[in-house]
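To start, the structure itself, in structure tokens.
The values are calculated or read from the model by the stated rules, or taken from the named source; none is laboratory data. As the structure is a computational prediction, the values presented were derived from the model and not from experiment. Here the Cβ positions follow ideal geometry from the backbone for every residue, glycine too, while neighbour counts run over all protein chains shown. Side chains included, ligands, DNA and RNA excluded: accessible areas come from the protein's heavy atoms. Shrake-Rupley method; radii C 1.70, N 1.55, O 1.52, S 1.80 Å.
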There are 2 protein chains.
Amino acid sequence: MKKYSVGVVGAMGAVGTEMLKTLEQRDFPIEKIKPLDIAENRGKKVTYKGEEVEVEVAEKGAFKDLDIALFSAGEGASQNLAPVAVSEGCIVIDNSNAFRMDPKVPLVIPEVNPEDVTWHNGIIANPNCSTIQMLVALKPIHDKYTIKRIVVSTYQAVSGSGLPGIMELEEQVKAYLEHKEIKPKVYPHQIAFNALPHIDTFLDNAYTKEEMKMVNETHKMFHNNDIKISPTAVRVPVIRCHSESINVETQKPIDAEDVRELLNHAPGVKVLDDISSNTYPLAAELTGTDEVYVGRIRKDFSVENGINMWVVADNLRKGAALNAVQIAETLIKYSII
Amino acid sequence: MKKYSVGVVGAMGAVGTEMLKTLEQRDFPIEKIKPLDIAENRGKKVTYKGEEVEVEVAEKGAFKDLDIALFSAGEGASQNLAPVAVSEGCIVIDNSNAFRMDPKVPLVIPEVNPEDVTWHNGIIANPNCSTIQMLVALKPIHDKYTIKRIVVSTYQAVSGSGLPGIMELEEQVKAYLEHKEIKPKVYPHQIAFNALPHIDTFLDNAYTKEEMKMVNETHKMFHNNDIKISPTAVRVPVIRCHSESINVETQKPIDAEDVRELLNHAPGVKVLDDISSNTYPLAAELTGTDEVYVGRIRKDFSVENGINMWVVADNLRKGAALNAVQIAETLIKYSII
């Protein structure tokens, strides 16, 4: 079996760490692993399959010996370095927002639109975490029932802001218990014991970038601009795993039991839905899992054809690192690398 | 001015405490205040306007000298004792779910349907907290634009489960920081750093009681069973104040700027909506406030006439104690007592 030299840009970050772990756990055919990060982290060590590997600097020249580079070092780093990596002969799988809506860049969830990897021009974008878990759950439903409209409200974990988000929540919770003042740094307001209806920046249409990602990325990956989507993105004091309350209206008659059966056999999905035993997906219990978990599947009595559901996934795994690694696996599957 | 003898049943609970505070703060015309609770709390003291008052036992005979009894001691206590209080000549304002859907009992939000107090038969029900804040915000919108459909997802605080809910969250957060095991007692699962799509018990239609309250109580108070409502009720690790992500579709064309203007002049509502300064209502900042706060008002591009909004209110104040006291004030206003 062919093996590949893989770089991870942002190797010391929350997603980068998870990318290394995911490559290892899935036994990705690695010839050489190359953790890359900012100059301040040069020489620091990460562990890959029991061996310490030194972090090198993500800069011009660093990509020459690589087949694939998984980027998760923020939009700026991707904008600057992804084209460099491509010019050095490397395929970039980019977790940032930099290229997602670029018409020359495929945006891919392997369970949703794997075939889009075939037309890449060096960069393949990894979608936004909230979009990934929503679409893994909705793809089989769309295929069978044709989705007309989605109304979604999210409950997003602080790890979406990386390690600083996690530290901020833990510090604020500690300050609260010690009756000390809470000073927000990462978020515009206190996140402990709060719900912030504000993720990423506000746009002219009064939606946030995070909300519009869910609209635009869905259209791009479903190859369908007719699906109507009304999103509200909210940060909640959860460490890891995003939850979503999703309301779906379909063209064809839809039934909760059929959806449960359909999703039971859908790739990347696990149904956790038994209200008689209080079983439904829970953020605090799903850290480190790979699937998109779906529960609370029930008929929406407010429209002719509709359902409500509760969808939870690990935002650092399927919402970021895992999906990126799965894109790399798809490149192998389609014999692109 | 006439003064009234007022009893508070469940005076030692989270809502009862807030009822006493609210009566005091609003300078309700009190002749005599009578805190009532279970036998275990007999003789304990509460403070009303600087004076200590002894808690008496909520039992037969305790209501003879009262004009009004505000009940917030759970559904069982209301079922058993509210009829007793009525038979002893007292008007009951009941915060539990016991009588809300009883066709002989008015269910009242003073900003929404104050006139319904007039046909009471001794008991007036105080609506569910999530319904109250939703309807205070939606009433002016419904009056002007005629609401067709509501899709709502809630972010509800643990104080909705009273003091035990608050203690459970604080204990679990502490256990988390100390790397100790978390053992849920009040909730079926861990509430710290989690989002539970489960409030109150599950019904045969796969919705929770909490969710169906939002449907049924809206129909009752709007005197309109045609409004379609699709609710998802979720408990989040917030101490106090419920937040709601509300999507509204209307018959008539609706505009975010008009809604902002309309709500700016609506009774009981405060608009907090300036995204240029990251201003929107936040649960952690609104403890102890009386109004229903509305922000993130924006056009819903997914339907012809629709808006999205973010609605926050103190679940123990407007969601419970304050609304109950305002019902009592409405009784005075309509010369019923």
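Structure data summary
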{"read-out": "Segment A:220-237, residues that are in a loop (DSSP other than H, G, I, E, B) and under 16 Å from the mean Cα position of the chain (by Cα)", "value": "A:A233, A:V234"}
{"read-out": "Residue tally, condition of a type outside the set (V, I, T), within 24 Å of B:N264 (Cβ to Cβ) and within 14 Å of chain A (Cβ to nearest Cβ), over segment B:279-337", "value": "22"}
{"read-out": "Hits in segment B:1-28 - residues which are part of a loop (DSSP other than H, G, I, E, B) and open to solvent by 20 Å² or more (accessible area, probe 1.4 Å)", "value": "B:M1, B:K2, B:K3, B:M12, B:G13, B:R26, B:D27"}
{"read-out": "Matching option when the condition is within 11 Å of chain B (Cβ to nearest Cβ) and part of a helix (DSSP H, G or I), among A:E211, A:E217", "value": "A:E211"}
{"read-out": "Residues of segment B:238-262 classified as assigned to a loop (DSSP other than H, G, I, E, B) and more than 11 Å from chain A (Cβ to nearest Cβ), total", "value": "5"}
{"read-out": "Options A:G288, A:G268, A:G306, A:G295; residue that is assigned by the TED database to the domain that holds A:L135, surrounded by fewer than 18 Cβ atoms within 10 Å (Cβ to Cβ) and of a type outside the set (K, R)", "value": "A:G288"}
{"read-out": "Residues of segment A:154-163 classified as within 9 Å of A:S243 (Cα to Cα) and among the small types (G, A, S), total", "value": "1"}
{"read-out": "Subset of segment A:289-311 [among the small types (G, A, S) and either at pLDDT below 95 or not in a loop (DSSP other than H, G, I, E, B) (or both)]", "value": "A:G295, A:G306"}
{"read-out": "Residue count, segment B:225-258 (criterion: open to solvent by 10 Å² or more (accessible area, probe 1.4 Å) and closer than 20 Å to B:E170 by Cβ)", "value": "3"}
{"read-out": "Spans of strands (runs of 3 or more DSSP E) in segment A:66-176 with at least 2 residues open to solvent by less than 30 Å² (accessible area, probe 1.4 Å), within 14 Å of another protein chain (Cβ to nearest Cβ) and touching an Asp or Glu at 6+ places or on another chain (Cβ under 8 Å)", "value": "A:147-155"}
{"read-out": "Whichever residue in segment B:177-202 is facing chain A (nearest Cβ under 7 Å) and closer than 21 Å to A:H179 by Cα and, among such residues, is surrounded by the most Cβ atoms within 10 Å (Cβ to Cβ)", "value": "B:F193"}
{"read-out": "Test: residue in segment B:175-182 that is outside the structural domain of B:I297 (by the TED database), modelled with pLDDT of 95 or more and basic (K, R)", "value": "yes"}
{"read-out": "Some residue of segment A:312-333 being assigned to a loop (DSSP other than H, G, I, E, B) and surrounded by fewer than 23 Cβ atoms within 10 Å (Cβ to Cβ)", "value": "no"}
{"read-out": "Unmet criterion (only one of (1) under 21 Å from A:A320 (Cβ atoms); (2) outside any loop (DSSP other than H, G, I, E, B); (3) open to solvent by 20 Å² or more (accessible area, probe 1.4 Å); (4) touching a residue at least 24 places away in the same chain (Cβ under 8 Å)) for A:V53", "value": "(4)"}
{"read-out": "Candidate set: segment B:203-219, residues that are more than 20 Å from B:V136 (Cα to Cα) and open to solvent by 40 Å² or more (accessible area, probe 1.4 Å); chosen: the one nearest to the chain's Cα centre (by Cα)", "value": "B:K209"}
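Yes or no, residue by residue, for (1) free of Cβ contacts under 8 Å to residues at least 12 places away in the same chain; (2) closer than 29 Å to A:M214 by Cα:
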{"position": "B:G268", "(1), (2)": "no, no"}
{"position": "B:D273", "(1), (2)": "no, yes"}
{"position": "B:S276", "(1), (2)": "yes, yes"}
{"position": "B:Y280", "(1), (2)": "no, yes"}
{"position": "B:F301", "(1), (2)": "yes, yes"}
{"position": "B:N305", "(1), (2)": "no, yes"}
{"position": "B:W310", "(1), (2)": "no, yes"}
{"position": "B:A321", "(1), (2)": "no, no"}
{"position": "B:V325", "(1), (2)": "no, no"}
